[in-house]
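What follows is a single structure, written as structure tokens, with notes after it.
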Amino acid sequence: MANAAVSAEAKGGGISRREFLYYIWGASIALYAAQFTGLLVWFLLPRFREGEFGGKFTISIDELPAVNAEPTNVPAGRFWLVNLDTRQGNELMAKAPDESEEIVGVAAIYKVCTHLGCIYAWTPANNRFECPCHGSKYRLDGRRIESPAPRSLDRFSMEFLDADKNPIPGTQSELVNDFIAPVPLPDNAAFISVDTGDRIVGPRQCLLGDLTQECP
Ligand code: FES
């Protein structure tokens, strides 16, 4: 009886139950493959766009602070830009007794306090970063002066770009003692590219206030 129905379907030009199941199975496989491909593309594509926190920020060199001057605030990127050269004597940045090397170059410092995550600010009257929540203080380059901050401020990796926005070789941030070192400013730099998706936590250095006998 069933065979008769199947052959009747075949004769009538319809599809058999077996063919129908094949089509459903094929459609399921195709749907699964499409979902998998979509997930793969989503995973491989950058999650953050340029100019969005978590992505890269391209900033004109004109926005860079002068050497040893107060930091430039980049609110959208949640970082401060500093331009340091202790060889020239930096009134905003007392050198610590445990620092034998000069500090020269540009750095992008994350704006979040390393204690409990408050947003600290530059305090011009005291020439340092100060956190309003529990009083942590940091030097211009982000080194902690006073606790309760457990470590110095975090930094983002960065590099300099030329006028065509091509990376300038040799200007990519490097890790020195597991921390991002300032990058010396090259003559042909036109832009700075800061990658807010690549943050390195600040080192647990001695309190600068203890070293200079200025801790309360
Ligand atoms: Fe900054 Fe506590 S969050 S001192």
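The values are calculated or read from the model by the stated rules, or taken from the named source; none is laboratory data. All figures in this text were calculated on a predicted structure; none of them were measured in a lab. A quick note on method: Cβ atoms are made from the backbone with ideal geometry, for glycine too, and the neighbour counts reach across all protein chains shown.
Is it the case that some residue within region 64-71 is within 16 Å of the ligand (Cβ to nearest atom), assigned to a loop (DSSP other than H, G, I, E, B) and not hydroxyl-bearing (Ser, Thr, Tyr)? Scanning region 64-71, I find no residue that is within 16 Å of the ligand (Cβ to nearest atom), assigned to a loop (DSSP other than H, G, I, E, B) and not hydroxyl-bearing (Ser, Thr, Tyr), so the answer is no. Between THR37, THR58, THR72, the distinction of being of a type in the set (Ser, Thr, Tyr) and touching a helix residue (DSSP H, G or I) at 6+ places or on another chain (Cβ under 9 Å) belongs to THR72 only.
For region 75-90, the set of residues classified as among the hydrophobic types (A, V, I, L, M, F, W, C) and either out of contact with any strand residue (DSSP E or B) (no Cβ under 6 Å at 6 or more places or on another chain) or outside any strand (DSSP E or B) (or both) consists of ALA76, LEU84, listed by residue number. Is at least one residue of region 192-207 away from the ligand (no atom under 16 Å from the Cβ), in contact with a Ser or Thr (Cβ under 6 Å, 6 or more places away or on another chain), under 24 Å from PHE53 (Cβ atoms) and not in a strand (DSSP E or B)? Checked region 192-207: at least one residue is away from the ligand (no atom under 16 Å from the Cβ), in contact with a Ser or Thr (Cβ under 6 Å, 6 or more places away or on another chain), under 24 Å from PHE53 (Cβ atoms) and not in a strand (DSSP E or B).
The single condition from (1) under 16 Å from the mean Cα position of the chain (by Cα); (2) at pLDDT below 95 that ASN126 fails is (1). Applying the set (1) closer than 20 Å to GLY197 by Cβ; (2) assigned to a loop (DSSP other than H, G, I, E, B); (3) not aliphatic (A, V, I, L, M) to GLU159 leaves exactly one unmet item: (2).
Would a scan of region 141-150 turn up a residue that is among the aliphatic types (A, V, I, L, M) and within 15 Å of GLY77 (Cβ to Cβ)? Within region 141-150, none of the residues are among the aliphatic types (A, V, I, L, M) and within 15 Å of GLY77 (Cβ to Cβ).
Restricted to region 91-150, the set of strands (runs of 3 or more DSSP E) holding at least 3 residues that are free of Cβ contacts under 8 Å to residues at least 12 places away in the same chain, more than 16 Å from the ligand (Cβ to nearest atom) and closer than 27 Å to SER193 by Cα is empty. Every condition in (1) surrounded by 14 or more Cβ atoms within 10 Å (Cβ to Cβ); (2) under 18 Å from SER60 (Cβ atoms); (3) of a type in the set (S, T, N, Q) is met by ASN166 except one, and the failing one is (1).
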